[in-house]
Amino acid sequence: MRRTGTAWITVALLLSASPRFVAAETSDPRGEYGVTLAVGGEDARAESVFVSMLSHTRGDSRALNNLGNLRLLRGETGVALAFYDRALRGDSLDAGIHLNRATALMMIGDEARARQSFAIGLRLAGSLERAQALMGLPPEKQPTDRAARKTVIDTEQLRAMLQKAASAVPKDSVSSGQTAKADAAGKQPSAWRSAGARSSDGSEAPQLLYWKH
C-alpha cells in the first residue's frame, strides 16, 4: 500500500528534527500493538501506529527503529538507515538497533561498516547467542520449512556476519558491553518473537529483525 503525501511529510519533518531534543520514552501500548501488526504482515497499519507515536513523542527510538524495519523490509534501505541513525541518537546503548543498522548495511554491500555495527551490537548484547536471539535467528541446526524460505534478508549471510564479528570481538569487551547496557537501561534488551508470524508476501523476514517495544 502506498503512503499518503501527508504521512511522507510527517516522517520527513520528524526525521529532520533537531537531534538535541529527544523526549523521554514512556510506556505506550501503541508500540506493542504496532509490532504485533508489523510481524503479522499489516505493515501499513503498523506504520501509521509508529508515526502516531512520533507525533506524540518526538525522537522515540522505539518508533524510529520499527519504522526503519518496515522500510528495510520494503527494500528502502537508505531510508531504513536514516531511521536507525535517528533511533540511535535516542538510545545509543540498544544492541538491537545497532544490529538492525548492521543488517541494512550488509544488504547494500557495505561490508566494512556492517562489520563495525555488528561488532558494536555484539558487545552491547553480551554474546553471540544473545545477539542472534535479538535478531530472531533460529538455532543453526533447526530444520527450515522450505515453503517459507523466501526472505528479504539472507538468513545464512546474517548468521555468518554475526559469527565473523563475534570472532573479532575480544571476550572481555563483549562482557563489559553487556554490563554497560544493563547498567544504563536497568534491564536486558528484549526481542519480539512471534512463532508463525509472516509478512504479507509470505516471507519470514520480520522475524529476522529486532523490534523495539
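Every number in this text was worked out from the coordinates using simple rules, so none of it is lab data. Just so you know, these numbers come straight off a predicted model, no measurement behind them. Cβ placement follows ideal geometry from the backbone for every residue including glycine, while neighbour counts extend to all protein chains displayed.
Measuring spread by the Cα atoms of segment 30-86 yields a radius of gyration and Dmax of 10.2, 27 Å.
Within a 10 angstrom radius of the beta carbon, how do D28, D91 rank from fewest other beta carbons to most? Mind showing how you got there, number by number?
On the way: D28 18, D91 21.
Exposure proxy ranking, most exposed first: D28, D91.
Among 105-112, 132-139, sorting by the average number of other beta carbon atoms lying within 10 angstrom of each residue, highest first, gives 132-139, 105-112.
Gyration tensor over the Cα atoms of segment 44-158: the corresponding equivalent ellipsoid has semi-axes (square roots of 5 times the eigenvalues, largest first) of 23, 18, 14 Å. Summed over all non-identical Cα pairs, the Kirkwood treatment of segment 72-134 gives a radius of 11.5 Å.
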